[in-house]
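J.: Got a structure here, written out as structure tokens. Questions coming.
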Amino acid sequence: MNWWLPWALLSAFFAALTAILAKVGVADINPNLATAIRTTVILVFTWGLAFCTSGKADWAALSSRAWFFLAASGLMTGLSWLCYFRALKLGDVAKVAPVDKLSVAIAIILAVIFLGERIKTQEAVGAALIVLGVVVMVVKL
């Protein structure tokens, strides 16, 4: 069995809820403030989880390389969220969420270019369908 699949489906479900909850939450406030509030909640939650589930070996295994790439990833997440909340403030979830999911196709392309990953035909077709789906949902005909 693909043990990653239930977790990925839960991730998609929670991400969908995030869009709905964020749209309501950002309605009457500055989207940067909304992002800061969301990030603070995530910060407290994830550090609590990390402290409760990580052992000494986990902490000892943190190299400067891991710190750098995780920090860079965190910066990209922050930039993504700032842009996402601004987009939600200005647009409909039905348009913003699909465009945000273009990240799937972009991640696949970047993984091929920078990580040397190989993709199968079905993965390329799937990424192309994601892009096509976004065009169908967003472009006015």
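Listed here are the residues, each with its yes/no results for (1) at pLDDT below 95; (2) open to solvent by less than 80 Å² (accessible area, probe 1.4 Å).
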residue	(1), (2)
ARG38	yes, yes
VAL44	no, no
TRP47	yes, no
CYS52	yes, no
GLY55	yes, yes
ALA61	yes, yes
SER64	yes, no
GLY78	yes, yes
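J.: What pairs come up if the first residue lies in the range 80-102 and is surrounded by fewer than 20 Cβ atoms within 10 Å (Cβ to Cβ), the second is of a type in the set (D, E, K, R), and their beta carbons are under 6 Å apart, counting only those six or more places apart or on different chains?
T.: Going by the 6 Å Cβ cut-off, the qualifying pairs are VAL93/LYS23.
J.: Is one or more of the residues making up the range 117-137 out of contact with any Lys or Arg (no Cβ under 8 Å at 6 or more places or on another chain), in contact (Cβ under 8 Å) with a residue 40 or more places away in the chain and not charged (D, E, K, R)?
T.: no
J.: A follow-up question, please. Please give the number of the condition ALA107 fails out of (1) closer than 30 Å to LYS140 by Cα; (2) assigned to a helix (DSSP H, G or I); (3) more than 14 Å from the chain's Cα centre (by Cα).
T.: For ALA107, the exception is condition (3).
J.: Now for a separate question. List the number of the failed condition for ILE119; all other conditions in (1) open to solvent by 90 Å² or more (accessible area, probe 1.4 Å); (2) outside any helix (DSSP H, G or I) hold.
T.: Of the numbered conditions (1) open to solvent by 90 Å² or more (accessible area, probe 1.4 Å); (2) outside any helix (DSSP H, G or I), the odd one out for ILE119 is (1).
J.: While we're looking at this one, here's another question. Could you look through the range 6-36, keep only residues that are in a helix (DSSP H, G or I) and polar (S, T, N, Q), and pick out the one that is surrounded by the fewest Cβ atoms within 10 Å (Cβ to Cβ)?
T.: SER11
Yes or no, residue by residue, for (1) within 14 Å of the chain's Cα centre (by Cα); (2) over 23 Å from VAL99 (Cα atoms):
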{"position": "ALA8", "(1), (2)": "yes, no"}
{"position": "LEU17", "(1), (2)": "yes, no"}
{"position": "LEU21", "(1), (2)": "no, no"}
{"position": "SER54", "(1), (2)": "no, yes"}
{"position": "SER63", "(1), (2)": "no, yes"}
{"position": "PHE69", "(1), (2)": "no, yes"}
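J.: Does PHE68 satisfy the criteria of being among the aromatic types (Phe, Trp, Tyr), open to solvent by 90 Å² or more (accessible area, probe 1.4 Å), at pLDDT 90 or above and more than 27 Å from ALA19 (Cβ to Cβ)? Walk me through it before giving the result.
T.: Working: among the aromatic types (Phe, Trp, Tyr): yes; open to solvent by 90 Å² or more (accessible area, probe 1.4 Å): yes; at pLDDT 90 or above: yes; more than 27 Å from ALA19 (Cβ to Cβ): yes.
Here the answer is yes, as PHE68 does meet what is asked.
The values are calculated or read from the model by the stated rules, or taken from the named source; none is laboratory data. Just so it is clear, the model here is predicted, and its values are computed rather than measured. All Cβ positions, even for glycine, are placed from backbone atoms using ideal geometry, and neighbour counts span all protein chains on display. For the accessible areas, the whole protein counts, side chains as well, though only heavy atoms, and no ligand, DNA or RNA atoms are used. Shrake-Rupley method; radii C 1.70, N 1.55, O 1.52, S 1.80 Å.
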